[in-house]
1. Can you say whether residue 106 is more than 30 Å from residue 330 (Cβ to Cβ) and at pLDDT below 90, as far as the supplied structure shows?
2. Residues 112, 162, 130: which one is of a type in the set (A, V, I, L, M) and under 21 Å from residue 238 (Cβ atoms)?
3. From 314, 268, grab the single residue that is small (Gly, Ala, Ser), in contact (Cβ under 8 Å) with a residue 12 or more places away in the chain, farther than 14 Å from residue 222 by Cβ and surrounded by fewer than 21 Cβ atoms within 10 Å (Cβ to Cβ).
4. For the structure I just gave you, tell me whether residue 11 is assigned to a strand (DSSP E or B), hydroxyl-bearing (Ser, Thr, Tyr) and surrounded by 13 or more Cβ atoms within 10 Å (Cβ to Cβ).
5. Look at residue 134 and say whether it is part of a loop (DSSP other than H, G, I, E, B) and more than 25 Å from residue 320 (Cβ to Cβ).
6. Checking residue 258 against (1) without any contact (Cβ under 8 Å) to a residue 40 or more places away in the chain; (2) open to solvent by 30 Å² or more (accessible area, probe 1.4 Å): exactly one of these is not met. Which one?
7. Is it true that some residue in the stretch 51-72 is touching a residue at least 40 places away in the same chain (Cβ under 8 Å) and in contact with a Pro (Cβ under 9 Å, 6 or more places away or on another chain)?
8. Tell me whether the stretch 271-290 contains one or more residues that are closer than 19 Å to residue 122 by Cα and buried (at least 18 other Cβ atoms within 10 Å of the Cβ).
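The values are calculated or read from the model by the stated rules, or taken from the named source; none is laboratory data. Everything numeric here is computed off the predicted structure, so don't read it as measured data. Here the Cβ positions follow ideal geometry from the backbone for every residue, glycine too, while neighbour counts run over all protein chains shown. Keep in mind that these areas ignore ligands, DNA and RNA; they rest on the heavy atoms of the full protein, side chains included. Shrake-Rupley method; radii C 1.70, N 1.55, O 1.52, S 1.80 Å.
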Amino acid sequence: PESHQAEVAQYFNQQMEGQEKVSYFEFPILDKEGNMTWIGQYMTLLHEIGYNKRITGWLATGRDITDKRIKEQLITNQSQNIRDSINYAKRIQKNLMNSGTRFDDYFHEHAIVFKPKDVVSGDFYWCIRIGEQTIIAVGDCTGHGVPGAFMSIVAINLLNSIVITSQITNPGLIMNELDIRLKAILANADDTTFRDGIELTICTLENNSNLFQYSCAGSKFIVHNTTSFDIFRGDLKHIGDEQEYFSSYVTNTVQLDPNSTIYLFTDGCHDQFGGVHNKKFTMRRLIEMIAENINLPLKNQGTIFTQEFNAWKGSQDQTDDVTLVAIRPKN
């Protein structure tokens, strides 16, 4: 075809000028009816015997690769469609999570670090204000990538239904209802146990006081008060898990200092392998990093964490989805 003639001519010229003994090239040819066939052709330069090494011709061996090219193009198109779909799913997932503007309205300061291992994430964060209470959640669904993202979207929609529609704001009660509804949605037809779940922290802040309630499902978080760091944990059972003798999630109540800072995070923050000895980042290093920068604005702290995390990870693959949400209540 005329559209490929210059490319084929350049191919022959390059082999001659570079004295390449053997080359391979793929190009189309047309039969007299105009039907196109793709040829994969090996070209060997033939030289005159003696010191002159003058090129006397070519030895060409070609084969019909039309089916191969069609399949390759099909795979390329399918891969592009998958990439486009996942990128669109990323937009949907991000829109389902609360925007930074809402956090600006609800808190004196905040920082959000959200680093999916793949394009979409099994981690999520969520926040809403109901009356005089602000409810915030950070979750880590089993898996990452597309399966984890599907689970996170289900969890966010269930939280919207439980908190906004049903007006349930007590963290333990939200956890119980979420546990029941998730099991109902994901129950298998053969009634076998569903083994995936969600590590989740839910906190409720009273807008006009320092009263703070929380409930944890296999998760933990950090609170910095005026003089100390406290690590808070709750129930070990993940949302959606089956656990014998478990009755309900517990709501814990604490009084915050006026200048408290709350750090909610998923285990991807401290489980990342890296450093000189390829070890985990660890909770201890996370707390030390926060302590060293506690007087900085939270936005700056988020930037520093990202830099430290990336430096620790280095050339390693990211181990898991990473989410860190830091907030300072307005009061």
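1. No, not satisfied.
2. Residue meeting the stated conditions: 162.
3. 314
4. Spelling it out, it is not the case that residue 11 is assigned to a strand (DSSP E or B), hydroxyl-bearing (Ser, Thr, Tyr) and surrounded by 13 or more Cβ atoms within 10 Å (Cβ to Cβ).
5. Numbers: part of a loop (DSSP other than H, G, I, E, B): no; more than 25 Å from residue 320 (Cβ to Cβ): yes.
Judged against the criteria, residue 134 is not a match.
6. Here residue 258 meets the rest and fails (1).
7. Yes; the residues of the stretch 51-72 include at least one that is touching a residue at least 40 places away in the same chain (Cβ under 8 Å) and in contact with a Pro (Cβ under 9 Å, 6 or more places away or on another chain).
8. Yes, the stretch 271-290 contains at least one residue that is closer than 19 Å to residue 122 by Cα and buried (at least 18 other Cβ atoms within 10 Å of the Cβ).
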